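Presented below is the structure to which this report refers.
The values are calculated or read from the model by the stated rules, or taken from the named source; none is laboratory data. All values derive from a computational prediction rather than experimental measurement. Neighbour counts are summed over all protein chains in view; Cβ atoms, including those assigned to glycine, are modelled from backbone coordinates with ideal geometry. Quick note on the areas: whole protein, heavy atoms, side chains included, nothing else; ligands and nucleic acids left out. Shrake-Rupley method; radii C 1.70, N 1.55, O 1.52, S 1.80 Å.
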Amino acid sequence: DMTSTPALMLRPRAGEVVIHNHPSGDIRPSQADFDLASRYGDEGIGVVIVNSDVNEDNWVVEPAGKRSKPLDFDKLDDLFNVKLSSVIDGYERREGQLPMAREIGETFDSGGVLVTEAGTGTGKSLAYLVPSILWAIANDSKVVISTYTKNLQAQLVSSDIPITKRAGLEFEYALIKGRGNYICKRKLGLALAEAEGGYNDDDASIIKRIGEWSKTSSEGSLQDFGEIVDHELWERVRSDTDQTLRARCPHYNDCFYYKSRRKAASSHILVTNHALTIADLHLKGETGGDGILPRYDRLVLDEAHHLEDAATSAISQSITKRGVTRALSPLVKRRKRIGALSKLKKALPEEMSSVHGQIMKLERQVETLLGVCGEPFELIGELLLSDATELRLTEEVVESELFREEVGPLIDELAAQIGRCMARLGALDAAVDGVELSPKGTQAVLDINRAINRLKGQQRLLSGGRIEEGVCSWFEVTKGLSSPARISNAPIEVAKMLKDLLWHNIDGIVATSATLSVSGNFDHFTTRTGASDISTSIYESPFDYRSQSALVLPRDLPRPQSPNWESSIEACVIELVGAAKGGVFVLCTSHALVRRLGAALSSKFGDEMPVLVQGVMSREKILQKFQRHGDSVLVGTDSFWEGISVKGDALRLVIIPRLPFRMPSHPVAQARYELIQAAGKDPFRAWALPEAVLKLRQGFGRLIRSKSDRGAVAILDRRLHEVWYGKVFLTSLPPAERMTGPTRSIIGRMVQFLSQP
């Protein structure tokens, strides 16, 4: 095309040069060249046009080395020493907070990677927010703050960032959500037009409510709507990369998603999560620069101890019967709703009636595929996983008679049918390319394109081979679901990927958490995440754990492997809760133990105090009730071990029945064990033990949240006293007063400790 110039706008950086070849030998810039050179020049990027022999050149724009401006440390000191105290009620100076902030500022100035642990109470959120804001303002740039949990995102946006604004910092920020969280006004308009007669009454009612809400909503996100919406129905109205008309859309200027993008583009601070951050880096690596997030220059990873898990999840894949159905069902009639293929047929001009037969064949093919796509998943559920919930695809499994003769052929046939369907859909898309269509017809084509893209990923997963180096594949069943089986894969290691995409790709990175080190070093974190050439630091908690906390360690309970372990633990937990008179977290390592202890505590104390059990209500409601009553008992597992802050007397005892080892039962964990063994290392020492130590530290960290808090942590696992690794756990915990001995005697000592003012 003589009027166009291909360009990768987001890949080059300031100081680099874009070399553009003119094969004709005429190296004078075209108007398109001037337009691009202007945009590149604004970023400090040079542009030079050369001939094919590269012996003539024409510099359109010289590169301008963009040097970052140093952070104003006097202003940083003033904020922490003076201004923050004037805007925070009950402000307490945090030892370590300012030194941590200064070290982060120095990292932003000089570049590199800082891995820093900040103990509970250090105030690490403000310690990284303030230098991030000051550096972004000084350099008219962006800093991404990435978290693992939504709770921390909410804290940053609703509490910490407003504090910095009240302290006098003037800057813009944006909370980044995935595109699928936002309403598409164009698709909503089509759905509203179809609401009469095109949906059942319940769906039509929800669509109409969404329509009314969208008129006044400033954000236009599902979370802002506040109602639970069926996934398939939400897909009819949500923003979607595969279905966007971009600037050609009549709603482009007031589109909720693009408004959020424009806000992000003009912001200094971008708050997002690890999954989006990694997906953005992965996409930019594949596309040459075009990703989910705007270009940014510095990155803070909070809750960085979850980085390996987040990276694993971000690039994992899975396929289910429901996933195939969701890809196909928008194409054909469902629940009174006309399918995209029928809509396209109605929208085609008369002279294209020859395509009608093609569409009718496709409709029959899609219906057939919808009817058979569940067969391999049902067989997986009924045969392969009769006694388990997960089965890793090893050489032994793949070579088994059952797999070769029954399961494998069904999977291969499904992949082949999906491939044939994709080919026909692609042919139809090509046939209507360039045809002027109505809005409904245009949407139908977009639905077809989305189906092709979704089916492409599913077929790739089905036919990509059973055993692939560096990848763990497995079958999984979730009990209680009508279509429970899934086929999944995930990378066994993410260290190399993170090294290439993250650590070596961003000029200044801070990775922080309250728990990153094991016995004072960061080897586990750096090994699992690929971080190298790093600086490290540890900022101890300002709390006086020796006087504020006690560590209760009974010696006379059976080991977890003993047949009477659960009954003994149940009796001990009841005794501890009764002695504390409530204000207790019971942090379990399995849902089965949560249910057992929850039932036992409810039976014993249900009339005296609220017994709140995970799974009965939402996490947020459980915490609200726990804090409001003051003498409650909360029994939970994973999601309550971290990211929760209950200050004051409402929480005075944390009970941990068992050391939180992550058992290598999950296929990815098994694969990682084997990989570590193949490298000549002990997987227990290299992986399982450090992971458990970090999680125990997180559980302990729920107790003391302010300088006035007081309480005890009871760990009921006698392996702390009798097995060599017990010392590793104990030396990694804060220096609380230790109470060791028979259960009865140390409970008495614990009661005395808790009763002290």
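Mean sequence separation of contacting Cα pairs (under 8 Å, at least six apart), scaled by the length of the chain, corresponds to a relative contact order of 14 percent.
Cα centroids of segment 396-417 and segment 306-347: 24 Å apart. Calculated accessible area for segment 294-369 comes out at 42 Å² per residue, all protein chains present (probe 1.4 Å; ligands, DNA, RNA ignored).
The calculated Kirkwood hydrodynamic radius for segment 168-258 is 13.9 Å, given to one decimal from all distinct C-alpha pairs. Here the accessible area is traced with a 1.4 Å probe on the protein chains. For the chain, carbon and sulfur cover 49 percent of it. Measuring spread by the Cα atoms of segment 697-757 yields a radius of gyration and Dmax of 12.6, 36 Å. How big is the Kirkwood radius of segment 488-605, worked out from every pair of different alpha carbons and given in Å to one decimal? Across segment 488-605, the inverse of the average 1/r is 19.0 Å.
Shown is the FRET efficiency for Lys440 and Leu675, computed with R0 = 60 Å from the Cβ-Cβ distance and rounded to the nearest 0.05: 0.70. Only helical runs count toward this figure. For the chain, summing -39,500 (n - 2.57) over DSSP H runs of n ≥ 4 and dividing by all residues gives -13000 deg cm²/dmol at 222 nm.
If the chain linking Thr368 and Ser85 were pulled fully straight, counting 0.36 nm for each residue of separation and taking away their Cα-Cα distance, it would gain 95.1 nm. Using a cut-off of 28 Å between Cα atoms, the listed pairs Lys284/Lys346; Lys165/Lys499; Lys215/Lys263 include Lys284/Lys346; Lys165/Lys499 as exceeding that distance.
Across q = 0.13, 0.15 Å⁻¹, segment 202-337 modelled as identical point scatterers on its alpha-carbon atoms has Debye log10 I(q)/I(0) values of -0.80, -1.06, in the order of the q list. Count the DSSP beta bridges whose two residues both fall in the chain, then state the antiparallel fraction as a percent rounded to the nearest 5. Of all bridge pairs located within the chain, approximately 30 percent are antiparallel.
By how many degrees, between 0 and 90 and to the nearest 10, does the Cα long axis of helix 124-138 differ from the longest principal axis of the chain? On a 0 to 90 degree scale, this one is about 40. Each 5 Å bin from 0 upward holds the following percent of the Cα-Cα pairs of segment 97-157: 4, 17, 27, 28, 18, 7, 1. For the listed residue pairs Lys259/Lys621; Lys124/Lys695; Lys69/Lys124; Lys75/Lys496, the alpha carbons are over 30 angstrom apart in Lys259/Lys621; Lys75/Lys496. Distance distribution P(r), segment 574-689, all Cα-Cα pairs, bin width 5 angstrom from 0: 2, 11, 20, 19, 15, 9, 8, 8, 5, 3, 1, 0 percent. For the pair segment 109-146 and segment 679-728, the centres of their Cα atoms are 28 angstrom apart. Mind pulling the angle between the C-alpha long axis of helix 667-678 and the longest principal axis of the chain? Nearest 10 degrees, somewhere in 0 to 90. Compared with the principal axis, the helix lies near 80 degrees.
Within a straight-line Cα-Cα reach of under 18 Å, Lys647 can be paired with the following aspartates and glutamates, leaving aside sequence neighbours fewer than 8 residues apart in one chain: Asp89, Glu92, Asp160, Asp544, Glu620, Asp631, Asp709.
Note on segment 319-375: Cα Rg divided by 2.2 N^0.38 Å, N the number of residues, gives 1.23.
So, for segment 601-651, what is the accessible surface per residue at a probe of 1.4 Å, expressed in square angstrom? That works out to 50 Å² for each residue. Using Stokes-Einstein with the Kirkwood hydrodynamic radius over Cα pairs, what translational diffusion coefficient do you get for segment 625-737 at 37 °C and a viscosity of 0.692 mPa s, in µm²/s rounded to a whole number? D, rounded to a whole number, is 208 µm²/s.
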